[in-house]
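Chemist: Let me begin by handing over the structure; questions about it come next.
The values are calculated or read from the model by the stated rules, or taken from the named source; none is laboratory data. Just so we're clear, the structure is a prediction, and the values are computed from it rather than from any experiment. Glycine also receives a Cβ, built like all others from the backbone with ideal geometry; neighbour counts cover every protein chain displayed. Accessible surface areas use protein heavy atoms only, side chains included; no ligands, DNA or RNA. Shrake-Rupley method; radii C 1.70, N 1.55, O 1.52, S 1.80 Å.
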Amino acid sequence: MKIMQFLQQRDAGFTALRRSARAAVVAPGLFAITTEITDDATTPLFAAFGSIAMLLFVEFSGPMRERLIAQTALIAAGATLISLGTLTSQETWLATLATALVSFLLLFFGAVSSTLATATTALLISFILAATLPGPVQAIPDRLAGWAMAGAASLAAIRFLWPTPTREPLRNATAQACSAMAARLRIEVDCMLGGFEPANKAALETIVPSAQTTVKTLQTSFYATPYRPTGLTTSTRILIRLVDEVLWLETILDRVPLPEKTGPADAEVCDLKEAAADLLETSAELLAATDHRALDELDAAAKRLAQSRSAMEYATVSARLTDTDSTATDPACGDAERKAVASQFVSSLRNLSKRSRQVDRSNVAPVSVGLWLPAC
């Protein structure tokens, strides 16, 4: 018991112990097996070093499915580098230049993704091992056979031999931030509908700093990583975009103060905030879930938000036209005509937005929540 406590204090989650135990079991066993089934020393050598590289020097994070996908990509990339290293191994100067170039590229592209950064050492081992052992082109199949056997053994070890618990701090922090933003929006609705009673104002003064702290925690965990925390799957890349939009939403709410005076579109604004809160809460539940769930509820919440946003846009533009348009003083200009003008105006804004996205998509941030609040 004291030994386990000692290890836990110095090895959080037994990460180092888990890697060492896997390599200690797989590498010698695979070396013994390949030595028995082949007379060539190349295959056992690459099988042993491949096991050590893929089990001791790399461990991907995320759900098991994403880890296995990343490990498979590592096996394929390592096989490519072994082939290139073998082709350059017959000339010392060529192997030296190729090693310098490959090392630079691997370390450079590691800044793009944490997954690539995690696999850098294992990929370097695959290339350096092949480049430092001179061999003809005919040696490539034997080397790839050893690497492939090591890759298959690493997949089995990751899946069945002391599997690593799923840890996704960024995903959990994003879910907590979505829940906090949803709670803030609901309190703002209560204040607007309840006339800013003392109880509602006290609740708002409490929830706003709490939501800001939660979002700040998400921002800190996001920017604290030395590499961009993205994986190889679509879900991990979308999560990064979601983090950006949660931070953007919190900034918008801080910049748009909640007015205590009533406005012409208060009902529509409250409905929009309720719809946005529902969408955020649904998103938080999906992010926090450990199993795969259907997206029907999320799609319904997104459709309701879009409808509420359209209703608020029409209500706001109609109110502004009533205040400023000269046709508002014309008795012949009824409510239907003003709504038609508002509809045309909003449609023109949407068309302009679509054209802007077509001109330069790279400079337009995606809007998942779609919350826009007028200055009432």
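Chemist: Looking at the stretch 105-122, is at least one residue over 30 Å from Ser221 (Cα atoms), in contact (Cβ under 8 Å) with a residue 12 or more places away in the chain, hydrophobic (A, V, I, L, M, F, W, C) and open to solvent by less than 80 Å² (accessible area, probe 1.4 Å)?
Modeler: No: zero hits.
Chemist: Here are some conditions: (1) part of a helix (DSSP H, G or I); (2) surrounded by fewer than 16 Cβ atoms within 10 Å (Cβ to Cβ); (3) not hydrophobic (A, V, I, L, M, F, W, C). Ser221 meets all but one. Which one does it not meet?
Modeler: (2)
Chemist: Would you mind stating whether Gly135 is in a loop (DSSP other than H, G, I, E, B), in contact with a helix residue (DSSP H, G or I) (Cβ under 6 Å, 6 or more places away or on another chain), open to solvent by less than 20 Å² (accessible area, probe 1.4 Å) and over 30 Å from Tyr223 (Cα atoms)?
Modeler: Taking the combined requirement at face value, the residue satisfies it.
Chemist: Here is a follow-up. What residue, of Ser83, Ser126, Ser113, Ser89, is within 30 Å of Leu170 (Cα to Cα) and not charged (D, E, K, R)?
Modeler: Ser113
Chemist: Sort out for me the helices (runs of 4 or more DSSP H) sitting completely within the stretch 1-81 that have 2 or more residues that are surrounded by 19 or more Cβ atoms within 10 Å (Cβ to Cβ).
Modeler: Filter on the stretch 1-81 gives 15-37, 42-56.
Let's see how each residue does on (1) farther than 26 Å from Ser61 by Cα; (2) more than 35 Å from the chain's Cα centre (by Cα); (3) of a type in the set (Gly, Ala, Ser):
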residue: Leu107; (1), (2), (3): no, no, no
residue: Thr115; (1), (2), (3): no, no, no
residue: Ala122; (1), (2), (3): no, no, yes
residue: Ile125; (1), (2), (3): no, no, no
residue: Gln138; (1), (2), (3): yes, yes, no
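Chemist: Separate question: Do we find that Arg143 is surrounded by fewer than 16 Cβ atoms within 10 Å (Cβ to Cβ) and in a helix (DSSP H, G or I) in this structure?
Modeler: No, not satisfied.
Chemist: Now a separate question. List every residue pair whose Cβ atoms sit under 7 Å apart, with the two residues 6 or more apart in sequence or on different chains, where the first one lies in the stretch 22-42 and is farther than 17 Å from Leu155 by Cα and the second, anywhere, is among the polar types (S, T, N, Q) and open to solvent by less than 70 Å² (accessible area, probe 1.4 Å).
Modeler: Thr34/Thr43
Chemist: What tally of residues in the stretch 195-218 results from selecting those that are open to solvent by less than 90 Å² (accessible area, probe 1.4 Å), at pLDDT 80 or above and not hydroxyl-bearing (Ser, Thr, Tyr)?
Modeler: Total meeting the criteria: 13.
Chemist: Ok, one more. Considering only the stretch 284-304, I want to know if a residue exists there that is open to solvent by 20 Å² or more (accessible area, probe 1.4 Å), at pLDDT 85 or above, in contact with an Asp or Glu (Cβ under 8 Å, 6 or more places away or on another chain) and in a helix (DSSP H, G or I).
Modeler: Within the stretch 284-304 (the criterion being open to solvent by 20 Å² or more (accessible area, probe 1.4 Å), at pLDDT 85 or above, in contact with an Asp or Glu (Cβ under 8 Å, 6 or more places away or on another chain) and in a helix (DSSP H, G or I)), the answer is yes, since at least one residue qualifies.
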